[in-house]
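A.B. asks: First the structure, then my questions, so here it is.
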Amino acid sequence: MKERFLTWLYGDQDVMDEILDSFNKPDMTHSELKKITRAAEEEYDNRPEVLETIGRERAAFRKMYLAVAFISCIALTLVLLYTISLLPRYGAENPQTIEVVSRYVEDGLDETGAVNIVSGMILDYRAFDTLGESHVLFTALVCVMILLRIDNKNQRSDYEDYYTVRTDSYFDLSSDPVLRLVCAVIIPCILLYGIYILLNGQNSPGGGFSGGAVLGAGMILFSAAFGFDKADQFFTLKVSNIITFVSLAFYSFAKGYVFFMGANGLENHIPKGTPGAIFSGGMILPLDIAVGCVVGCTMFGFYSLFRRGSIGGRL
């Protein structure tokens with residue numbers, strides 16, 4: 001199997017024999033073997049017919065890529081323009097707009113139990129839209145991870161050196177005593193304030209997005225002041241995945257059915273509580289918590305990936 005692979009790869013029997021002979025030499029060092037292999041690769045890559053074939057393939061792929069991209073953009077533009085033409089008029093002249101606004105303002109408190117009308121709109125009347133926004137954050141984190149993750153499987157020969165430089169010396173602030181002292185005082189306040197915003201969204205401006213952003217900022221400041229080693233002790237990639245999955249799964253099961261039912265969905269018989277109390281708003285409070293967890297994990301994930309190429313330590 002090895003001989004067939006090398007023959008296919010290099011296309012030269014002499015080169016294959018030279019490499020196979022080097023495999024059979026017990027005193028052959030890794031650097032010498034690497035040197036022979038690199039020389040064989042250069043000899044193969046510099047052949048005119050190979051370079052010509054590669055050039056033709058790249059040119060054909062570029063033409064196909066541009067054609068597909070152009071057709072996709074035109075098709076998407078036409079679909080969006082057609083959708084816009086079907087949208088109803090908006091503003092004070094549209095009776096439907098007046099009806100919707102009146103419904104939110106006049107009946108929002110009774111139907112959602114939330115003093116904050118904005119939270120009642122985005123997490124009750126339009127909860128399915130917010131579900132999509134939460135999934136957009138998760139998708140963005142996955143895309144950034146695919147592009148920036150550094151591990152021992154992504155074909156980086158300098159993985160060890162790169163990882164060490166990025167995590168140990170590059171813009172390392174954890175050794176600054178002033179920063180550590182200040183952060184030791186303000187980080188608990190930041191996290192406590194983030195929890196307050198997260199839990200009080202149904203009663204005042206705040207909620208999942210803003211509370212999760214504050215919590216994520218607190219985590220970023222903690223890792224910057226005390227180092228990633230401290231943060232990795234309680235926030236790993238596994239923990240981040242579990243929190244994100246549970247939050248999105250709960251939100252999907254709680255409000256995904258609205259996509260099929262429309263309007264206000266089904267009556268869930270969950271007590272709305274006393275307006276103004278912390279346990280009020282029915283499903284708004286747990287949905288705020290779910291959104292906040294997703295936002296916090298996404299923010300810290302972005303920082304960790306840009307800073308060191310991984311979430312929760314070496315992968």
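The values are calculated or read from the model by the stated rules, or taken from the named source; none is laboratory data. As the structure is a prediction and not an experimental result, all values here were calculated from the model. No Cβ is skipped: glycine too gets one built from the backbone with ideal geometry, and neighbour counts run over all protein chains shown.
A.B. asks: Kindly indicate whether R58 is over 30 Å from I278 (Cβ atoms) and at pLDDT below 70.
C.D. replies: Considered against the rule, which asks whether it is over 30 Å from I278 (Cβ atoms) and at pLDDT below 70, R58 comes out as no.
A.B. asks: Got at least one residue in the stretch 32-42 being polar (S, T, N, Q), within 30 Å of G120 (Cα to Cα), at pLDDT below 85 and part of a helix (DSSP H, G or I)?
C.D. replies: Scanning the stretch 32-42 turns up no residue that is polar (S, T, N, Q), within 30 Å of G120 (Cα to Cα), at pLDDT below 85 and part of a helix (DSSP H, G or I).
A.B. asks: Mind checking which residues of the stretch 236-247 are at pLDDT below 90 and touching a Ser or Thr at 6+ places or on another chain (Cβ under 8 Å)?
C.D. replies: Matches in the stretch 236-247: L237 only.
A.B. asks: Go through the stretch 82-130 and report how many residues are at pLDDT 75 or above, in contact with a helix residue (DSSP H, G or I) (Cβ under 8 Å, 6 or more places away or on another chain) and assigned to a loop (DSSP other than H, G, I, E, B).
C.D. replies: Residues that pass the stated criteria total 3.
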